[in-house]
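Enquirer: Next up is a structure, given as structure tokens.
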Amino acid sequence: MTVRPDPADEVVDLVSTLIRFDTSNTGEPDTTKGEAECARWVAARLEEAGYQTEYVESGAPGRGNVFARLKGSDPSRGALLIHGHLDVVPAEAGEWSVHPFSGAVTDGYVWGRGAVDMKDMVGMTIAVARHLARAGITPPRDLVFAFLADEEAGGKYGAHWLVENRPDLFAGVTEAIGEVGGFSLTVPRRDGGERRLYLIETAEKGLCWMRLRANGRAGHGSMVNDDNAVTAVAEAVARLGRHRFPLVLTEAVEQFLAAVSEETGHEIDVDSPDLEGMIEKLGPIARIVNATLRDTATPTMLQAGYKANVIPATAEAVLDCRVLPGRQAAFEAEVDELIGPAVTREWVTNLPPVQTSFDGDLVEAMNAALLACDPDARTVPYMLSGGTDAKAFAQLGIRCFGFAPLRLPPDLDFSALFHGVDERVPVDALEFGTRVLLHFLTHC
Ligand SMILES: [Zn+2]
């Protein structure tokens, strides 16, 4: 067997092929597709390099996941989980400059749905896993590679099912890396140069989907009715949608802002009433940071009535709520105050926040791996406003980080590519990320 001296040589092919599997997850089990074929293809790539793999369906036919383990030199240490999801959000081909499932490699990019979320990391992981096995490299600790279904619909038929029904797959795992972190953000330095910050995800907001319901008196639309369910729900929704929850600076956000301030010389006064305004000046990254300063309760669905002249007996709304670590009880009290006694609430989904500290040997290994490949790198922690499969793994007591390394061009609006039109990833970022991952996994 020939061993490729550099796993970065095959990463572009791997990512492009992964994108050609249409693994669109609509959120409806009937129309979600492609995960099983993609998972079996991943298993074959690993087996080719000598791995034993386990294919597992998570709660429904076709929801394919693949697991593989590589023994480390020190069995007394906890294992490291490297996880990536195989599903993607759907794409409307007419809106794209290339077909979203073409995996086209042009203009220095690999194009297609999943290019950054997250077939990039899946491809890099496969490339490094194959290299380790083929070159006979023993990592310092056990590695568990997991390729997963259903992340884009919350992992009910993926990570959460596996954690609840197959915890044995994660036996001995103490730490994990996955999306969304490890990518570079270029900031202007106070001395005139530039600095690449690499954002390591150390925290995620909690994700709570909340249903509001009002019951009122049904009746004819021409009558005066002071117990109208539609009015009650509409008022509660409007109050929540316009509410500004208090600003709470968590450790990750504070450390991130301090690092940016230090590098750029740009004063960020965290006590300023216009903190959001100051952060806006940082450019596209402001979208991410500003979403992690406060809890949010964002109205997304309304449902009531069936005819213009009939007052319905009930009305409902759904709000997408994102809650900072440590804020759940205070958040709920504030919500109850705003919706009042006429409206009831229940959780459709309630996944607690994830949070860890930015220190320890694993963080040192990330830092060293990035510096080995980019001497200008500086790692900084940050909080993700969205959710990932880390929410499931954290329930097993696993310490989770977002670390899918990419060195990006300074002007690329990376966060806009997630679920976006013309999603694409630079070829050189994939090659860079593969080398960083190889360094990291041989020193973790
Ligand atoms: Zn993702």
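Residues are listed down the side, and each one gets a yes or a no for (1) closer than 30 Å to Arg141 by Cβ; (2) outside any helix (DSSP H, G or I); (3) under 29 Å from the mean Cα position of the chain (by Cα):
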| site | (1), (2), (3) |
| --- | --- |
| Arg287 | no, no, yes |
| Thr292 | no, yes, yes |
| Thr300 | no, yes, yes |
| Ala308 | no, yes, no |
| Cys321 | no, yes, yes |
| Ala330 | no, no, yes |
| Phe358 | yes, yes, yes |
| Glu364 | yes, no, yes |
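Enquirer: Under 6 Å by Cβ, and 6 or more places apart or on different chains, what pairs join a residue from the range 183-199 that is closer than 15 Å to Met366 by Cβ and open to solvent by less than 70 Å² (accessible area, probe 1.4 Å) with one that is at pLDDT below 95 and among the acidic types (Asp, Glu)?
Expert: Cβ pairs passing all conditions: Arg196/Asp376.
Enquirer: Another one. Considering every residue within the range 370-380, establish whether at least one is modelled with pLDDT of 95 or more, under 21 Å from the mean Cα position of the chain (by Cα) and closer than 23 Å to Phe145 by Cα.
Expert: Yes - at least one qualifying residue is present in the range 370-380.
Enquirer: Just to check your reading of the model, which residue among Gly265, Gly241, Gly221 is on the phi > 0 side of the Ramachandran plot and touching a residue at least 24 places away in the same chain (Cβ under 8 Å)?
Expert: The conditions single out Gly265.
Enquirer: Could you tell me whether Pro299 is surrounded by fewer than 20 Cβ atoms within 10 Å (Cβ to Cβ) and more than 30 Å from Asp227 (Cβ to Cβ)?
Expert: Considered against the rule, which asks whether it is surrounded by fewer than 20 Cβ atoms within 10 Å (Cβ to Cβ) and more than 30 Å from Asp227 (Cβ to Cβ), Pro299 comes out as no.
Enquirer: Out of Ala304, Ala317, I need the residue that is touching a residue at least 24 places away in the same chain (Cβ under 8 Å), open to solvent by less than 30 Å² (accessible area, probe 1.4 Å), small (Gly, Ala, Ser) and touching a helix residue (DSSP H, G or I) at 6+ places or on another chain (Cβ under 7 Å). Which one?
Expert: Exactly one residue qualifies, and that residue is Ala317.
Enquirer: If you don't mind, there's one more thing I want to ask. Condition test on Ile137, is it open to solvent by less than 10 Å² (accessible area, probe 1.4 Å) and out of contact with any Pro (no Cβ under 6 Å at 6 or more places or on another chain)?
Expert: no
Enquirer: Let me ask another. Within the range 82-122, track down each residue that is open to solvent by less than 10 Å² (accessible area, probe 1.4 Å), of a type in the set (Gly, Ala, Ser) and touching a Gly at 6+ places or on another chain (Cβ under 7 Å).
Expert: Within the range 82-122, Gly84, Gly103, Gly112 qualify.
Enquirer: Still on this model: Out of the strands (runs of 3 or more DSSP E) lying entirely within the range 371-444, which hold 3 or more residues that are within 28 Å of His160 (Cα to Cα)?
Expert: Here the list reads 377-384, 399-402.
Enquirer: If Asp428 satisfies all but one of (1) within 19 Å of Val105 (Cα to Cα); (2) out of contact with any strand residue (DSSP E or B) (no Cβ under 9 Å at 6 or more places or on another chain); (3) within 16 Å of the ligand (Cβ to nearest atom), what's the number of the condition it fails?
Expert: For Asp428, the failing item is (3).
Enquirer: Then there is this: Taking the criterion of being within 16 Å of the ligand (Cβ to nearest atom), in contact with a strand residue (DSSP E or B) (Cβ under 7 Å, 6 or more places away or on another chain) and of a type outside the set (D, E, K, R), would at least one residue in the range 332-349 satisfy it?
Expert: no
Enquirer: Shifting gears a bit: Take Gly27 and tell me if it is in contact (Cβ under 8 Å) with a residue 24 or more places away in the chain, part of a loop (DSSP other than H, G, I, E, B) and in contact with a Lys or Arg (Cβ under 9 Å, 6 or more places away or on another chain).
Expert: no
Enquirer: What are the residues in the range 386-435 that are acidic (Asp, Glu) and buried (at least 24 other Cβ atoms within 10 Å of the Cβ), if any?
Expert: Asp389, Glu423
Enquirer: Here's a follow-up. Among the residues of the range 106-144, how many are away from the ligand (no atom under 16 Å from the Cβ), farther than 14 Å from Pro426 by Cβ and among the small types (Gly, Ala, Ser)?
Expert: Selection size over the range 106-144: 5.
Enquirer: To continue, here is another question. Does Gly172 fit the bill of being modelled with pLDDT of 95 or more and either more than 18 Å from the chain's Cα centre (by Cα) or surrounded by 22 or more Cβ atoms within 10 Å (Cβ to Cβ) (or both)?
Expert: Yes, satisfied.
Enquirer: Mind telling me which of the residues Gly420, Gly402 ends up being within 16 Å of the ligand (Cβ to nearest atom), in contact with an Asp or Glu (Cβ under 6 Å, 6 or more places away or on another chain) and not aliphatic (A, V, I, L, M)?
Expert: Gly402
Enquirer: Now, a different point. Quick one: is Thr356 surrounded by fewer than 17 Cβ atoms within 10 Å (Cβ to Cβ), among the polar types (S, T, N, Q) and more than 16 Å from the ligand (Cβ to nearest atom)?
Expert: Here the answer is no, as Thr356 does not meet what is asked.
Enquirer: Identify all residues within the range 335-387 that are free of Cβ contacts under 8 Å to residues at least 12 places away in the same chain and touching a helix residue (DSSP H, G or I) at 6+ places or on another chain (Cβ under 9 Å); write none if there are none.
Expert: Of everything in the range 335-387, nothing turns out to be free of Cβ contacts under 8 Å to residues at least 12 places away in the same chain and touching a helix residue (DSSP H, G or I) at 6+ places or on another chain (Cβ under 9 Å).
The values are calculated or read from the model by the stated rules, or taken from the named source; none is laboratory data. Note that the structure is predicted; figures quoted are calculated from it, not measured. Reconstructed Cβ throughout: ideal geometry from the backbone, glycine too, with neighbour counts over all protein chains shown. Surface areas here come from the heavy atoms of the whole protein model, side chains and all, with no ligands, DNA or RNA. Shrake-Rupley method; radii C 1.70, N 1.55, O 1.52, S 1.80 Å.
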